[in-house]
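**Q** Sharing a structure below in structure tokens format, with a few things to ask.
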Amino acid sequence: MLDRAAAGDASARARLLSRHRQKLRNLIALRLDPRLAARFDPSDVVQESLAEADRRLAVYLNERPMPFYLWLRELTLQRLIDLHRRHMRTQKRTVRREEARLSYLSDDSIRQLGDRLIDQASGPSRRLENKLAARRLHQALAELSERDRDVIVLRHLEQLSVKEIAALLEISPGAVKVRHVRALERLRRLIGEEDRS
Amino acid sequence: MNTSLAAPRSALDAAFADLVEELTARFHAGEVIDTDEILRNHPEHAERLRDLLPALKLLADLSTSTVGSNPINRVTTNDEPLAGLLGDFRLIREVGRGGMGIVYEAEQISLNRRVALKVLPFAATMDPRPLQRFRNEAQAAACLHHPNIVPVHGVGCDRGMHYYAMQLIEGQTLAEVIKNLTPGPLPETGRGRTIFSPPHPLRGERGWG
């Protein structure tokens, strides 16, 4: 599809840009600051980044510096960072600090994440159980090191493939899997500690 | 058990990491996994895995409730013909068709609202001219803000199908209005407009060319 788009096939180009829409939307929904969520729809952020991707596609196809989805992801995250910077001036420093983070997930959004997951839990019988589980999980996620949290967020919340994560972290797929296991084991211990306390 | 203990720790680690990855992928795909069976089949990893499974399952459950359970993810990447879902929209029923496309009543999933979705027939996208006209139409309508012009919410393309979403307006089609016309002066609508204000998205900007 990349090659067909590069060769000037308009429908391949359109499909290429739209096939990751939902994934990108989740990417933004996970991270959009709750204070901005009332004013901005994640779909709009995605729409703008896809328009930008469309403009820059020729350059990308020429150079192909990284896998296509990761390129889209980067453009989209950059949009989000710009949006946060424009609309949350008072917290400029916070935003700038977070910019360095690969997964760009603020502590606030992690806190929100648990609540959002609870809202989407299906059926009232599972609610309480999920609520407790989600609370424990996001407390534990907040306590994880950035390195561990990144791999969990990328693999589970964004559902990137091992190959994509490997390209993003610039390590081998094997190393991604091992890092994932280590992060899970530490997460498990953190959840376990809360059980006892 | 003895042979696996003899294996170098790094190789064991890598095998365990592969197993965890395999389970992660299966959890994400929504598979129901018999954990006892997995533990039986991999005695060399059973202890570590037993410790890890609850956390893994929790993460997978919670993340699929936000990501994986959304059927859009699975549909958008293949080439099936129009099958109920188009990008962010779930098609509910066809409300009419014309030379430039078919209009559906649809639900915009992310915003949970009803919209009118105009879809360019797939065959028409093979030719760049109707596609360009379709885009022009959507862009032109989106530039206009007038109570008598149906607002355009957005334009998109999914699996090669081009569409744009408009506000859904309940009411009669222009054809129905004309059919119901009694001889005499043009009837007035509640808002004091004549019937030449668009009563339905179908009429949209097509009425003006």
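**Q** So which helices (runs of 4 or more DSSP H) stay within segment A:1-68 end to end and still have 3 or more residues that are more than 26 Å from A:GLU170 (Cα to Cα) and out of contact with any Phe, Trp or Tyr (no Cβ under 9 Å at 6 or more places or on another chain)?
**A** Answer list for segment A:1-68: A:10-18, A:34-37, A:42-63.
**Q** In segment B:19-31, how many residues are under 16 Å from A:ARG182 (Cβ atoms) and surrounded by fewer than 16 Cβ atoms within 10 Å (Cβ to Cβ)?
**A** 0
**Q** I would also like to ask the following. Determine if segment B:116-123 includes at least one residue that is outside any strand (DSSP E or B), modelled with pLDDT under 80 and surrounded by fewer than 17 Cβ atoms within 10 Å (Cβ to Cβ).
**A** yes
**Q** Shifting gears a bit: Within the set of pairs 6 or more residues apart or between chains, which connect a residue that is within 19 Å of B:ARG135 (Cα to Cα) and touching a residue at least 12 places away in the same chain (Cβ under 8 Å) inside segment A:1-21 to a residue that is part of a helix (DSSP H, G or I) and among the acidic types (Asp, Glu) with Cβ atoms less than 9 Å apart?
**A** The qualifying pairs are A:ARG13/A:ASP54; A:LEU17/A:ASP54.
**Q** Give segment A:25-51 a look and list any residue that's among the charged types (D, E, K, R) and closer than 22 Å to B:VAL155 by Cβ, or say none.
**A** A:ARG25, A:ARG39, A:ASP41, A:ASP44, A:GLU48
**Q** What's the total number of residues in segment A:1-24 that are over 14 Å from B:ASP158 (Cα atoms) and in contact with a helix residue (DSSP H, G or I) (Cβ under 7 Å, 6 or more places away or on another chain)?
**A** Adding up the residues that qualify gives 6.
**Q** Moving to a separate point now. For segment A:164-197: of the residues being touching a helix residue (DSSP H, G or I) at 6+ places or on another chain (Cβ under 9 Å) and more than 11 Å from every other protein chain (Cβ to nearest Cβ), which is modelled with the lowest pLDDT?
**A** The selected residue is A:GLU194.
**Q** Now for a different question. Just one of the numbered conditions (1) under 23 Å from A:ARG25 (Cα atoms); (2) at pLDDT 80 or above is not true of B:CYS143; which one?
**A** Here B:CYS143 meets the rest and fails (1).
**Q** Keeping to segment A:141-162, report how many residues are of a type outside the set (A, V, I, L, M, F, W, C), assigned to a helix (DSSP H, G or I) and either within 11 Å of chain B (Cβ to nearest Cβ) or in contact with a Phe, Trp or Tyr (Cβ under 9 Å, 6 or more places away or on another chain) (or both).
**A** Total meeting the criteria: 2.
**Q** Then there is this: What tally of residues in segment B:8-52 results from selecting those that are in a loop (DSSP other than H, G, I, E, B) and touching a helix residue (DSSP H, G or I) at 6+ places or on another chain (Cβ under 8 Å)?
**A** Count: 4.
**Q** Would you tally the residues in segment A:163-197 being of a type in the set (S, T, N, Q) and part of a helix (DSSP H, G or I)?
**A** 0
**Q** How many of the residues in segment A:20-51 are at pLDDT below 85 and within 11 Å of another protein chain (Cβ to nearest Cβ)?
**A** Total meeting the criteria: 6.
**Q** Give me the residue from segment B:148-180 that is charged (D, E, K, R) and more than 10 Å from every other protein chain (Cβ to nearest Cβ) and, out of that set, nearest to A:ARG21 (Cα to Cα).
**A** It comes out as B:GLU170.
The values are calculated or read from the model by the stated rules, or taken from the named source; none is laboratory data. For clarity, every value in this text was computed on a predicted model and none was experimentally measured. So basically every Cβ, Gly included, is an ideal-geometry build from the backbone, and we count neighbours across all protein chains shown.
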